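Below is one structure, written out as structure tokens; the observations come after it.
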Amino acid sequence: MSEKILAKASGQPDLKAGDIAWVKVDIAMMHDLLGPWLVDGAFNRLGGQLFDKEKVVVVSDHCTPPATVQQADILKFTRDWARKQDLSYYYEFEGPCHQVIAERGHVRPGRLILGTDSHTCMAGGLGAFATGIGSTEMVGVLLTGETWLKVPETIKVVWDGKIQHGVFSKDLVLKTIKDLGHAGATYQSLEFSGSSIKDLSIDERFVLSNMAVEAGAKTGLIEPDEKVVEFLRSKGVTDEVDMISSDSDASYIRTLHYNASELEPQVACPHEVDNVHPVSAVEGKAVDQVYLGSCTNGRLSDLRIAAQILKGKKISKNIRCLVVPASQHIWMQANREGILDILTEAGCIINMPSCGACGGFTSGVIGAGEVVMSSSNRNFRGRMGSTNGEVYLGSPATVAATAIEGKIADPRKYLLQGVR
């Protein structure tokens, strides 16, 4: 899939892994923290003219709501820059950029999407080649609409079998990262396939592609199907969908095979995302905070599972529980369904959609010696606040179960049999 998408973007039909090619970019995405306020100087010195304002998307999400004067200044600069450039697509206070561009219809199968954020690869869940680039590289893209990329080799990750009770796509991807290592797929493409993957909702597929970069991957791709078409139509996309797929005889540098029916809930332990163990091995570890949300696991299905676990119950008196829907759209849907009421009655704090505490910016960072169980994507030292804090990663179900007990807990005991 990577070869096909980049071949189309470069106009070189015979492009193959290892080749370097100039490619035309379909969407250039920036967020506030690594966007206009960093690129503006060089952009202006080199002419200051966008290659196509319809292909440039700016999302203010990392500094929202601003917790410092500097963050407020960055937000103002970003807003003013978007207005000055007469951008058609500027979004503020709507949630993390990766979720927003998917909801707003900018992500399509077969597109090349470059963004100033490493988790841009989340768009691969819809079959787009999406990857992060630096702000300096983005200057060139803004001016020319082009850049060079090396075509990555591809690792095929096959998950077959029935996903068991209490196990979710977060568990699948944590197990995959454990085996690959946090740098095991550096500058390679991950391609997720198999019957288990086909059974996943779009919400859960995004989790896999979002965390592909946690194994060092350039992107994480999933072949588009009718679920993708249905998702795009629901977002107002009426264009014909490019149902891109790998050929049956495609060459992979490595193939990993898994049986989903054998997997139990997984937890990534401090301070590496590949330090993964079954929940049974870490059950009982006391926490100070649980965090349900982020661009990884703050979607509607995640909030529904948490509400199912927490309905009629109370979170432990020893912790705080932060809930951050992945977008304003999801916040409103969850509100209409009564999910936010259930979570609030359980003792959770509902925050506005943003990158917030996930990246250690605002609205719930942790202090020295504090332990957090989070549904987000990274757990290195200092990721969610103090470098002397500890971050554990798990599925929203594991997070919700942990909220009840105040210590890492197996979610399966709180879910009706057969409910994933």
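A compact table of results
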quantity: Computed E for residue 199/residue 79 - FRET, C-beta separation, R0 41 angstrom, nearest 0.05; calculated: 0.50
quantity: Whole-number percent relative contact order across the chain, with pairs defined as alpha carbons under 8 Å at least 6 apart; calculated: 17
quantity: Pairs from 55/235; 150/235; 16/150; 178/227 whose Cα-Cα separation, in the structure shown, is over 20 Å; calculated: 150/235; 178/227
quantity: Chain lengthening between residue 271 and residue 24 when straightened (0.36 nm per residue, less Cα-Cα); calculated: 85.1 nm
quantity: Stretchable slack from residue 281 to residue 252, in nm (0.36 nm times residue separation minus alpha-carbon distance); calculated: 7.1 nm
quantity: Protein-only accessible surface order, largest first, of 213, 107 at 1.4 Å; calculated: 213, 107
quantity: Within the chain: Cβ-based charge dipole about Cα centre, in debye rounded to nearest 20 (Lys, Arg +1; Asp, Glu -1); calculated: 760
quantity: Order by protection proxy (mean Cβ within 10 Å, highest first), peptides 89-97, 289-297; calculated: 289-297, 89-97
quantity: With DNA, RNA and ligands ignored, accessible area of residue 329 (1.4 Å probe; Å², nearest 10); calculated: 70
quantity: For residue 283, net neighbour charge (Lys/Arg +1, Asp/Glu -1) across residues whose Cβ lies under 12 Å away; calculated: +1
quantity: FRET efficiency, 1/(1 + (r/R0)^6) with R0 30 Å, evaluated for residue 146 and residue 86 via beta carbons; calculated: 0.90
quantity: Whole-percent pair-distance distribution, where bins are 5 Å wide, for the alpha carbons of the range 131-263; calculated: 2, 9, 18, 19, 19, 16, 11, 4, 2, 0, 0
quantity: Global size of the range 202-314 as Cα Rg and Dmax, reported in angstrom; calculated: 17.9, 53
quantity: Rg/Rg_ref, the range 295-406, where Rg_ref = 2.2 N^0.38 Å and atoms are Cα; calculated: 0.99
quantity: The chain - percent of accessible surface contributed by carbon and sulfur, probe 1.4 Å; calculated: 49
quantity: The range 1-122 - Rg and Dmax from Cα coordinates, angstrom; calculated: 15.7, 51
quantity: Two-decimal ratio, the chain, of alpha-carbon radius of gyration to 2.2 N^0.38 Å; calculated: 0.94
quantity: Residues residue 164 and residue 227, FRET efficiency given R0 of 22 Å [Cβ-Cβ distance, rounded to 0.05]; calculated: 0.55
quantity: Solution diffusion estimate, µm²/s, Stokes-Einstein, the range 56-139, Kirkwood Rh from C-alpha pairs, 4 °C, viscosity 1.567 mPa s; calculated: 96
quantity: Cα-centre dipole for the range 186-307 with unit charges at Cβ (Lys and Arg positive, Asp and Glu negative), debye to 20; calculated: 320
quantity: Mean accessible surface per residue for the chain, computed with a 1.4 Å probe while every protein chain stays in place, in Å²; calculated: 38
quantity: Partners for residue 314 among aspartates and glutamates (Cα-Cα distance below 12 Å; same-chain residues under 8 apart left out); calculated: 345, 405
quantity: Linear extension gain, residue 313 paired with residue 243, 0.36 nm per residue minus alpha-carbon span; calculated: 20.8 nm
quantity: Phi-based couplings in Hz for the range 41-58 (Karplus 6.51, -1.76, 1.60; Gly and Pro marked x); calculated: x, 5, 4, 6, 4, 9, x, x, 10, 5, 5, 6, 5, 6, 10, 10, 10, 10
quantity: Partnerless cysteines, meaning none of the other Cys C-beta atoms lie under 4.7 Å away, in the chain; calculated: 63, 97, 121, 269, 295, 355, 358
quantity: 3J(HN,Hα) from dihedral phi, the range 256-268, Karplus parametrisation 6.51/-1.76/1.60, rounded to Hz, x for glycine, proline; calculated: 10, 10, 9, 10, 5, 5, 9, 8, 10, x, 10, 9, 8
quantity: Cα-based reach from residue 162 at 13 Å (exclusive), listing aspartates and glutamates while leaving out same-chain residues under 8 positions away; calculated: 199, 262, 264
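The values are calculated or read from the model by the stated rules, or taken from the named source; none is laboratory data. Note that the structure is predicted; figures quoted are calculated from it, not measured. Heads up, the Cβs are rebuilt from the backbone with ideal geometry, glycines too, and the neighbour counts pull from every protein chain shown. Ligands, DNA and RNA are excluded from the accessible area calculation, which covers all protein heavy atoms including side chains. Shrake-Rupley method; radii C 1.70, N 1.55, O 1.52, S 1.80 Å.
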